[in-house]
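Let me give you the structure first, and then I'll get to my questions.
The values are calculated or read from the model by the stated rules, or taken from the named source; none is laboratory data. Quantities reported herein were computed from a predicted structural model and do not represent experimental measurements. In this analysis, Cβ positions are derived from the backbone assuming ideal geometry, glycine residues included, and neighbour counts consider all displayed protein chains. Each accessible area value is taken on the protein alone, full model and side chains, heavy atoms only, with ligands, DNA and RNA left out. Shrake-Rupley method; radii C 1.70, N 1.55, O 1.52, S 1.80 Å.
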Amino acid sequence: MANDLTIQERLAIGRVHMPELAPEIRSRNFEEVNRGLGREEAVREARRCIQCKHRPCVDGCPVGVSIPEFLDALAAENLPEAARILQGDNALPAVCGRVCPQESQCEAKCVRGVKGEPVAIGYLERFVADWAMGNAAELPKSALPPASGKRVAVVGCGPAGLTAAGELARQGHAVTIFEALHDTGGVLRYGIPEFRLPKEIIDVEVARLLDVGVTIECNVIVGKTMTIHQLRDQFDALFIANGAGLPTMLNIPGENLKGVYSANEFLTRVNLMEAGRNPDSATPIIQGRQVAVIGGGNTAMDCVRTARRLGAERALIVYRRSEAEMPARVEEIKHTKEEGVEFAMLTAPLEIVGDWEGWVTALRCQKMELGPPDESGRRKPIAVAGSEYDIPVGVVVNAVGTRANPLLTATAPDLELNQWGNIAVDAGGATSIAGAFAGGDIVRGGATVILAMGDGKRAAAAINGYLGGEA
Ligand code: FAD
Ligand code: SF4
């Protein structure tokens, strides 16, 4: 099929489906659920794009990927060109093609979605990025610019830090990322499980940054190993992207019982330290047969699906509003349900109940009903009197959210924070300390990969301007 199709021919093509592992198989292993499109399907899907002149899809992408251009190259089966365009705009396309909420970003703006289904931009991003990984020799090599003589430090090796580092290295600056953990990727590695984002994808994307000269120093906790000001004194500029990894507590009785985890601890033990899958892991995990996960976001879905894979016979989501208010991606909710997870909606936890030895035995809950919208715009849950009941469980995971960790910011009293402890910045990411910029979750609170990357890209431009280059 040639790429000179008429609009009518393009409109006649139906949206592609993502092949998936069967729920009964995947719910017992950590293999990736979405299997990716084949070349023929991807090219056909790219030909659904009608190449709108006003490019609304690009406005929906926080890093401004040139979507019609990369789709056009894919539709013409020019994969090296599609990959060149995509990688030029997005430092982590294989990651974004897997975890971005496209349905509320680029695809939400796609003109084809007005009278039917939008172009599957996310699936195609993943296809092109994966093709590029397997065919690196076919990609055009772009020469690195001459060294600027300037040195930039980046705190945190998550999507915001990685994106800023790549952009700054491509401007000729010498960039060093300082990362507290022993490995790269931030939430991409320790939070998002393998069945959604295999670790080798992160490894390959990070290796591309090393190729452009970025240096990564792991096991450095800024705020403990050194302060922000010590770092600032050694470098010409600084980008702070240490995320928002401090768990929000439930503040209910029983939170200290054995068998209660925060989502970050639960996922880090499994994803980073291999607990549950490696009998020799130095950081094991209690593998409950009945597990309740409290929350309704992507993190909650990741925890409950992980619990199923670790062998839970009964795994439930406990959420105080209804499914319509859940912040998790639609695809994640669908996958979670297919894997046999129960959804206890309009249910709020009151207490975690334990036995005399301090082990969790039940989650005491109360039924809720929805009242008028609250300040978040979502309908407010209101307790139904006399509706308390116990759910027998051995493990409870708190996935109600995270916030900024004060460990780093406390060492710099002149670093202005907002009321929630997030770093205050201007439109370019500049903080109250000259030459120090910030972005990602440490500025926004828990957000998304692509918003963190957009912050990294914007801040890199501002830092480049600060260092005397083009902003
Ligand atoms: P992070 O990814 O948190 O990276 C910050 C890095 O800084 C970490 O590596 C951390 O170890 C390091 N660090 C922290 N303190 C220090 C210090 N003092 N010194 C040095 N280094 C430090 N978003 C999506 O778009 N789609 C999803 O499907 C999705 N799923 C998610 C699932 C889970 C379980 C979680 C927790 C989040 C999910 N998110 C998702 C949100 C998304 O991952 C985050 O918004 C994004 O990772 C934020 O990027 P960041 O670079 O700001 O911070
Ligand atoms: Fe193509 Fe949709 Fe973007 Fe139009 S809005 S250019 S159809 S992807």
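So, D390, is that one out of contact with any Phe, Trp or Tyr (no Cβ under 9 Å at 6 or more places or on another chain), open to solvent by less than 40 Å² (accessible area, probe 1.4 Å), assigned by TED's automatic domain parsing to the domain that holds I294 and acidic (D, E) or not?
Here the answer is no, as D390 does not meet what is asked.
Being within 23 Å of G454 (Cα to Cα) and without any contact (Cβ under 8 Å) to a residue 40 or more places away in the chain is the filter; apply it to region 35-60 and report the residue that is farthest from ligand 2 (Cβ to nearest atom). Walk me through it before giving the result.
The initial filter retains those residues of region 35-60 that are within 23 Å of G454 (Cα to Cα), namely 54-60.
Within this subset, residues satisfying the condition of being without any contact (Cβ under 8 Å) to a residue 40 or more places away in the chain are 54-55.
On the way: H54: 8, R55: 6 Å.
It comes out as H54.
Specify which of the listed residues (L370, L363) is touching a strand residue (DSSP E or B) at 6+ places or on another chain (Cβ under 9 Å) and over 18 Å from N251 (Cβ atoms).
L370
Using beta carbons and a limit of 6 Å, which pairs, at least six apart or on different chains, have the first residue in region 199-218 and of a type in the set (A, V, I, L, M, F, W, C) and the second one surrounded by fewer than 18 Cβ atoms within 10 Å (Cβ to Cβ) and assigned to a loop (DSSP other than H, G, I, E, B)?
Sorted first by the residue in region 199-218, then by its partner, the pairs are C218/H182.
Condition first: open to solvent by 30 Å² or more (accessible area, probe 1.4 Å), modelled with pLDDT under 95 and either more than 26 Å from A160 (Cα to Cα) or small (G, A, S) (or both). Now tell me which residues in region 257-279 satisfy that.
Within region 257-279, G276, R277, N278, P279 meet the criteria.
Just to verify a result, which residue in region 119-138, among those that are open to solvent by less than 60 Å² (accessible area, probe 1.4 Å) and without any contact (Cβ under 8 Å) to a residue 40 or more places away in the chain, is nearest to ligand 2 (Cβ to nearest atom)? I'd like the intermediate steps shown before the answer.
Start the filter on region 119-138 by keeping residues that are open to solvent by less than 60 Å² (accessible area, probe 1.4 Å), which leaves 119-133, 135-136.
If we keep only those that are without any contact (Cβ under 8 Å) to a residue 40 or more places away in the chain too, we end up with 122, 136.
Numbers: G122: 11, A136: 26 Å.
Checking each candidate, the answer is G122.
Quick check, is G340 away from ligand 1 (no atom under 16 Å from the Cβ) and out of contact with any strand residue (DSSP E or B) (no Cβ under 9 Å at 6 or more places or on another chain)?
So G340 does not fit the description; no.
While we're looking at this one, here's another question. Enumerate the helices (runs of 4 or more DSSP H) found wholly within region 1-108, keeping only those where 2 or more residues are open to solvent by 10 Å² or more (accessible area, probe 1.4 Å), of a type in the set (S, T, N, Q) and assigned by TED's automatic domain parsing to the domain that holds E313.
The helices (runs of 4 or more DSSP H) meeting that bar number zero.
Return a yes/no flag: does region 217-224 have any residue that is part of a loop (DSSP other than H, G, I, E, B), of a type outside the set (V, I, T) and buried (at least 17 other Cβ atoms within 10 Å of the Cβ).
Among the residues of region 217-224, at least one is part of a loop (DSSP other than H, G, I, E, B), of a type outside the set (V, I, T) and buried (at least 17 other Cβ atoms within 10 Å of the Cβ), which makes the answer yes.
Right, next: Please verify whether region 406-418 includes one or more residues that are of a type in the set (S, T, N, Q), closer than 23 Å to C100 by Cβ and touching a residue at least 24 places away in the same chain (Cβ under 8 Å).
The answer is no, given that none of the residues of region 406-418 is of a type in the set (S, T, N, Q), closer than 23 Å to C100 by Cβ and touching a residue at least 24 places away in the same chain (Cβ under 8 Å).
Just to be sure, is T409 in contact with a Phe, Trp or Tyr (Cβ under 8 Å, 6 or more places away or on another chain), open to solvent by less than 30 Å² (accessible area, probe 1.4 Å) and over 30 Å from R308 (Cβ atoms)? Walk me through how you get there before you give the answer.
Working: in contact with a Phe, Trp or Tyr (Cβ under 8 Å, 6 or more places away or on another chain): no; open to solvent by less than 30 Å² (accessible area, probe 1.4 Å): yes; over 30 Å from R308 (Cβ atoms): yes.
Spelling it out, it is not the case that T409 is in contact with a Phe, Trp or Tyr (Cβ under 8 Å, 6 or more places away or on another chain), open to solvent by less than 30 Å² (accessible area, probe 1.4 Å) and over 30 Å from R308 (Cβ atoms).
Report those strands (runs of 3 or more DSSP E) wholly inside region 280-353 carrying at least 1 residues which are in contact (Cβ under 8 Å) with a residue 60 or more places away in the chain and open to solvent by less than 20 Å² (accessible area, probe 1.4 Å). Spell out the reasoning first.
Details: elements: 290-294, 314-318, 342-344.
In region 280-353, the matching strands (runs of 3 or more DSSP E) lie at 290-294, 314-318.
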